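Structure record follows, encoded as structure tokens.
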Amino acid sequence: MKNLLEYCDQIVQAWANKNIILFLDYDGTLTAIAPSPSEAVLSEENKELIEQLAKIPLFQVVIISGRSLQDIKQMVGIDGVIYIGNHGWEIDGSSMHFESLIPVQFSSMLSRIKYELITQLADIPGAFVEDKGMTLSVHYRMVGKNKEALVRRIFDYICLPYSKQNMIKVYEGKKVLELRPPVEWDKGKAALWLLRKQEILKGKSKVLPIYLGDDTTDEDAFRALKNKGITVFVGKPKNSTAQYFLAGPQEVTDFLKYMSYGAYEKL
């Protein structure tokens, strides 16, 4: 896997006469992974760079996250960008709004599962359940290593019966276990949905997607955008379907600087 910063000149050339749709994951990409979601605060430098890019007609900036739409909009707080929350289940911004229709029965079931998880995990320090409306996440980053297996056992005990009946989908991220509706929808499908809307507006050959993400959930987008644009894994190089990598959030900042500079050069 190649480091993206070594190929920036070629990438700037690749977007000649193109409109860029820039997908940016939040946790682990724009910010370092924090012990709790509230501690992952966007730096002023990254905020200013995103604001600059959002004002350039050449760019459509998209913040894509597993967080709820309300949460990610509050954490970023930038006008002129599109926000995708809950791994693609919620999309808002630039005169568009998409929100999946979740059956009442699913919401009711999720409430029951949430109650069971909170009750069973209450005695494990550091474990907590995040209710994101359409999805649930069990975080265990702050749990002692000797208790991590217990968190998994409790999670499986409560959730597997529902999963086996295809009533929920279970996903795993970095120290987080997630429940989502049993529908084939993810970051990759959301990215393609948005890409196609841009292609209709601008012309299919006139749009170049660039996607930066760090987690297993971003692999769905890397696969979906393969041969359609530029995909970038954020973190130490590993077995990923992305074309390039950036070593961490600081290199993401460096790339955003280069993008901003390159965009102004083309104006």
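The values are calculated or read from the model by the stated rules, or taken from the named source; none is laboratory data. Since the structure is predicted, the reported quantities are computational estimates derived from the model, not experimental observations. Methodologically, a virtual Cβ is constructed for each residue, glycine included, from the backbone with ideal geometry; neighbour enumeration extends over all protein chains shown. Side chains are part of the model used for accessible areas, which takes the heavy atoms of the whole protein and leaves out ligands, DNA and RNA. Shrake-Rupley method; radii C 1.70, N 1.55, O 1.52, S 1.80 Å.
Remarks
- Of all residues in region 162-181, exactly one satisfies the criterion of being surrounded by 14 or more Cβ atoms within 10 Å (Cβ to Cβ) and of a type in the set (S, T, N, Q), namely Ser163.
- Scanning region 75-111 for residues being under 21 Å from Tyr171 (Cα atoms) and either among the β-branched types (Val, Ile, Thr) or modelled with pLDDT of 95 or more (or both) gives a total of 3.
- Pick from region 58-74, criterion hydrophobic (A, V, I, L, M, F, W, C) and modelled with pLDDT under 95, ranking: nearest to the chain's Cα centre (by Cα): Leu69
- The one condition from (1) at positive phi; (2) modelled with pLDDT of 90 or more that Ala127 does not meet is (1).
- Looking at Lys47, Lys55, just one residue is over 16 Å from the mean Cα position of the chain (by Cα), open to solvent by 50 Å² or more (accessible area, probe 1.4 Å), farther than 26 Å from Ile168 by Cα and at pLDDT 95 or above, and that residue is Lys47.
- Of all residues in region 23-69, those being closer than 14 Å to Gln250 by Cβ and in contact with a strand residue (DSSP E or B) (Cβ under 9 Å, 6 or more places away or on another chain) number 7.
- The criterion of at least 1 residues that are in contact (Cβ under 8 Å) with a residue 12 or more places away in the chain and closer than 24 Å to Met134 by Cβ is met by the following strands (runs of 3 or more DSSP E) wholly inside region 145-247: 169-173, 176-180, 207-213.
- Some residue of region 162-181 being touching a helix residue (DSSP H, G or I) at 6+ places or on another chain (Cβ under 6 Å) and of a type in the set (Val, Ile, Thr): yes
- Complete set of residues in region 205-242 that are among the polar types (S, T, N, Q), at pLDDT below 95 and surrounded by 19 or more Cβ atoms within 10 Å (Cβ to Cβ): Thr217, Ser240
- Screening Ala247 against (1) of a type in the set (Gly, Ala, Ser); (2) within 22 Å of Leu42 (Cβ to Cβ); (3) open to solvent by 40 Å² or more (accessible area, probe 1.4 Å); (4) modelled with pLDDT under 90 leaves a single unmet condition, (4).
- Residues in region 182-202 that are more than 13 Å from the chain's Cα centre (by Cα) and open to solvent by 70 Å² or more (accessible area, probe 1.4 Å): Val183, Glu184, Trp193, Arg196, Lys197, Ile200, Leu201, Lys202.
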